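The values are calculated or read from the model by the stated rules, or taken from the named source; none is laboratory data. None of these values were measured; they are calculated from a predicted model. Neighbour counts are summed over all protein chains in view; Cβ atoms, including those assigned to glycine, are modelled from backbone coordinates with ideal geometry. Only protein heavy atoms, including side chains, enter the accessible area calculation; ligands, DNA and RNA are left aside. Shrake-Rupley method; radii C 1.70, N 1.55, O 1.52, S 1.80 Å.
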Amino acid sequence: MAWDEWERLKAEAVGRQGGGQMQLNSDPDAHLAGPQGDLTVNQKDLAKIGDEAFKLFEGLGNHGRDAWSSSQTAAKDLTTQGFEVGGGLDKVQERWEKQLQSLLDACAHISNHMDFTQKAHQGDEYHIAGTISSISQLDKGFGEDDKKFEGKGEG
């Protein structure tokens, strides 16, 4: 963004505010998104992502090495018969194993992270609800009894 464009945007923002204040990082249509905004975390969605990552992990773990034995046998036989492609096939198999392990680690990480995130958000919800409840209890304590003290002590 060029400096003159930044200055123009600042001036427009000040004009919209009707004064000297400017607010950055604000969505002018935020009121349209509802009280929660447009970014939400649904426990059901997190669980589904975690479950799918776990299923992929299991499937890859069970079938990702199905060709390993036959590939190793072919590589050994080709090398024994003097074909250089045997060494190449062995390298491909080694590379496959590294990539497979990397993918398995990623799937496990995603699955575990979704479980953690789900539990963390649930804990946050309990904390926030408890805090709000406490504030509401405090507000009740300053309700009717405050009216008794209004006007007293003045004079």
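Every condition in (1) closer than 30 Å to D115 by Cβ; (2) assigned to a helix (DSSP H, G or I); (3) open to solvent by 70 Å² or more (accessible area, probe 1.4 Å); (4) at pLDDT below 80 is met by L32 except one, and the failing one is (1). Which one of the conditions (1) surrounded by 10 or more Cβ atoms within 10 Å (Cβ to Cβ); (2) among the charged types (D, E, K, R); (3) at pLDDT 70 or above does D4 fail to meet, given that it meets all the rest? Going through (1) surrounded by 10 or more Cβ atoms within 10 Å (Cβ to Cβ); (2) among the charged types (D, E, K, R); (3) at pLDDT 70 or above one by one, D4 breaks only (1). Of all residue pairs spaced 6 or more apart or on separate chains, those with beta-carbon atoms under 8 Å, a first member in the range 77-106 that is touching a residue at least 12 places away in the same chain (Cβ under 8 Å) and a second member that is surrounded by 14 or more Cβ atoms within 10 Å (Cβ to Cβ) and among the aromatic types (F, W, Y) are L104/F57.
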